[in-house]
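The values are calculated or read from the model by the stated rules, or taken from the named source; none is laboratory data. Note that the structure is a prediction, hence the values are computed from the model and not measured. Virtual Cβ from ideal backbone geometry, glycine too; neighbours counted across all protein chains shown.
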Amino acid sequence: MSEPVLQVSNLVKKFGELTPVDGISFEIRQGEILGLLGANGAGKTTAINMILGIVTPTAGEIRVFGKELAKERIAILRRMNFCSTYTQLPGNLRVWQNLVVFGKIYRVPHLKTRIDEVLEMLEIRHLKNRISGNLSAGESTRLNLCKALLNKPELLLLDEPTASLDPDIADKVRKVTRRIRDEEGTSILYTSHNMRDVEEVCDRVVFMHQGKILFIGTAAEILSHFQEESLESLFIRVARGGEIEAASAS
Amino acid sequence: MTLSTIQALVLRNLFLYTRTPVRLVELLFWPLVDLLVWGYLTVFLQKHTGDTFPYQITFLIGSVILWDIIFRAQQGVALYFLEDVWSRNLLNVFSAPVTNADYLLSTYAIGLLRAAVTSLMLSVLAILLYSFNLFELNWSLIPFVFNLLLFGWSLGMISTALIVRWGPAAETLAWAVPFFIQPFAAVYYPVASLPPAIQWIAQCIPCSYIFEGMRDGLNSGGVSWSDLGMATGLNVIYLIFAGWLFVRVMKTAREKGLLTKFVSQ
């Protein structure tokens, strides 16, 4: 069996007294979409920030493409990319200008062609000359995704990519996510509050609560384990402090 | 360090200026206001002192131009970081394959471009409006100006490090840091004008030697090698310290999650 694309082992992050991530371990296999699910404060974003190297872990290890992130961060980042609802590309630049800048940073070959490809894929090619700050929320999210796809990443981190999108655009984003995985074999770590996202898009789900992993498995396995009818009802039960036994299965 | 990454980061800033002409106000308008105020003050003093007019006062115009080189170079580094904060682009940049060296070198380049644009405009206007020609210093101008750039870059790195460490509330340091040192930097008056008890502060600041040296140069026509040597030596120390501080603070920022706080503001 090939080495996991991403391997997180006993990852801990402490900020003073707080421990937003408390000893989590999981891995993503080649071409897998792994959902990171949990209420606000579950530790999802902190975990993603550690995988991106923006936050240094207090303990534990992150290996990407078999390499240790702490030692080969730049080489690893060249082969991955990131898109978050909470970040934007500079609003005063045109769409194509933003993509040129990031394309050069990621050393994308045949950049002009690739920019057209990603804009086409996300159905925003007609916005190429628009000012990024004038885009709607849905268009802006798709521009962020274009940036994230520019370098054909082998590992893609998507932090709540459908938040604040209308159902039509959210559906398109989900379809694109699956298409990238199917066509390019990209491994994807996908965080979301949207249960439909998780059920439709993710092969497996890491369910987090208060910095710990409650369960890892398919959506069906999670429902069966916690004897719930839907991920949404499980999510609400956990968020409202319902009795949940910390357990893990892979 | 990657040339294409540095080019991309510089390009991003150039796009900003071509896209938002109002930014030229900051780059051209305020320096122009300074030049006009100090220039006409010089003209006024010249008229009322006649032949006894000391060359140091003429150099006020040169001081405006040369101080602006420090300020624009410092702003090039410090505002570069804030541009990413304001546009919520910070995590995109710091989650990309950008090393500290790539980042710093691109800010230096932007600082150099900003200083070049402003100082060129001011120098030409100083000749046209006040017959003050900074280029009388000929080739000796180059090492002096280069030293001012070095000092501006150091101040820029220190400003950025402090903003990263103390968070968005410390943004104002991007403008304030150069003015903390200006009273002691011999910009508009010689070090000897300062009270003896605080002259040592001026002696620890590289640009005080530059301004002193250039005043001497314009007066005597020669080059003050000792001033130039002191300025260069101090600048090397400042650059090493500022670079160390920047790298240290970025490490702390990753440990404490400080960069993510700029996103959630």
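Observations, loosely collected:
Every residue, every condition in (1) within 17 Å of B:L14 (Cβ to Cβ); (2) hydroxyl-bearing (S, T, Y); (3) in contact (Cβ under 8 Å) with a residue 60 or more places away in the chain; (4) crowded, with 21+ Cβ neighbours inside 10 Å, yes or no:
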| site | (1), (2), (3), (4) |
| --- | --- |
| B:N92 | no, no, no, yes |
| B:L104 | no, no, yes, yes |
| B:L112 | yes, no, no, no |
| B:L125 | no, no, yes, no |
| B:N133 | no, no, no, no |
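- Residue within region B:162-174 that is touching a Phe, Trp or Tyr at 6+ places or on another chain (Cβ under 7 Å) and surrounded by 23 or more Cβ atoms within 10 Å (Cβ to Cβ) present: yes
- Selection from region A:72-94 of residues that are under 19 Å from A:I188 (Cβ atoms), modelled with pLDDT under 95 and not in a strand (DSSP E or B): A:T85, A:Y86, A:T87
- You will find that of A:L37, A:L69, A:L99, the residue that is at pLDDT below 95 and in contact with a helix residue (DSSP H, G or I) (Cβ under 8 Å, 6 or more places away or on another chain) is A:L37 and no other.
- Residue match in region A:13-28 (condition: under 24 Å from B:V85 (Cβ atoms) and touching a Pro at 6+ places or on another chain (Cβ under 9 Å)): yes
- Evaluation of A:E17 against the conditions (1) more than 13 Å from chain B (Cβ to nearest Cβ); (2) buried (at least 24 other Cβ atoms within 10 Å of the Cβ); (3) more than 20 Å from the chain's Cα centre (by Cα) shows that the sole unmet condition is (2).
- Among the residues making up region A:32-48, those that are out of contact with any Asp or Glu (no Cβ under 9 Å at 6 or more places or on another chain) and assigned to a helix (DSSP H, G or I) are A:T46, A:A47.
- Any chance B:S140 is at pLDDT below 90 and hydroxyl-bearing (S, T, Y): yes
- Residue in region A:184-192 that is buried (at least 17 other Cβ atoms within 10 Å of the Cβ) and free of Cβ contacts under 8 Å to residues at least 60 places away in the same chain present: no
- Across region A:95-110, the number of residues qualifying as away from chain B (no Cβ under 11 Å), surrounded by 19 or more Cβ atoms within 10 Å (Cβ to Cβ) and assigned to a loop (DSSP other than H, G, I, E, B) comes to 0.
Residue by residue, here is whether (1) within 8 Å of chain B (Cβ to nearest Cβ); (2) under 14 Å from the mean Cα position of the chain (by Cα) holds:
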position: A:A42; (1), (2): no, no
position: A:N49; (1), (2): yes, yes
position: A:L52; (1), (2): yes, yes
position: A:E61; (1), (2): no, no
position: A:R78; (1), (2): yes, no
position: A:F82; (1), (2): yes, yes
position: A:P90; (1), (2): yes, no
position: A:L93; (1), (2): yes, no
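- Residues in region A:141-155 that are touching a strand residue (DSSP E or B) at 6+ places or on another chain (Cβ under 9 Å), surrounded by 23 or more Cβ atoms within 10 Å (Cβ to Cβ) and charged (D, E, K, R): A:K147 only.
- Considering the conditions (1) surrounded by 14 or more Cβ atoms within 10 Å (Cβ to Cβ); (2) under 21 Å from the mean Cα position of the chain (by Cα), B:F29 is excluded by exactly one of them, (1).
- Boolean, A:T113 is among the hydroxyl-bearing types (S, T, Y), surrounded by fewer than 17 Cβ atoms within 10 Å (Cβ to Cβ) and assigned to a helix (DSSP H, G or I): yes
- Answer residue from region B:239-265, given it is more than 23 Å from B:Y108 (Cα to Cα) and touching a residue at least 12 places away in the same chain (Cβ under 8 Å) and is surrounded by the fewest Cβ atoms within 10 Å (Cβ to Cβ) among those: B:Q265
- Residue selection: B:L9 satisfies the criterion of being within 14 Å of chain A (Cβ to nearest Cβ), touching a Ser or Thr at 6+ places or on another chain (Cβ under 8 Å) and either surrounded by 16 or more Cβ atoms within 10 Å (Cβ to Cβ) or free of Cβ contacts under 8 Å to residues at least 60 places away in the same chain (or both).
- Taken as a whole, the condition of being more than 16 Å from B:M157 (Cβ to Cβ) and away from every other protein chain (no Cβ under 14 Å) does not apply to B:F71.
- Among the criteria (1) hydrophobic (A, V, I, L, M, F, W, C); (2) part of a loop (DSSP other than H, G, I, E, B); (3) without any contact (Cβ under 8 Å) to a residue 40 or more places away in the chain, the one B:M1 does not fulfil is (3).
- Here A:G138 clears all of (1) under 22 Å from A:C202 (Cβ atoms); (2) more than 12 Å from every other protein chain (Cβ to nearest Cβ); (3) crowded, with 22+ Cβ neighbours inside 10 Å except the condition numbered (3).
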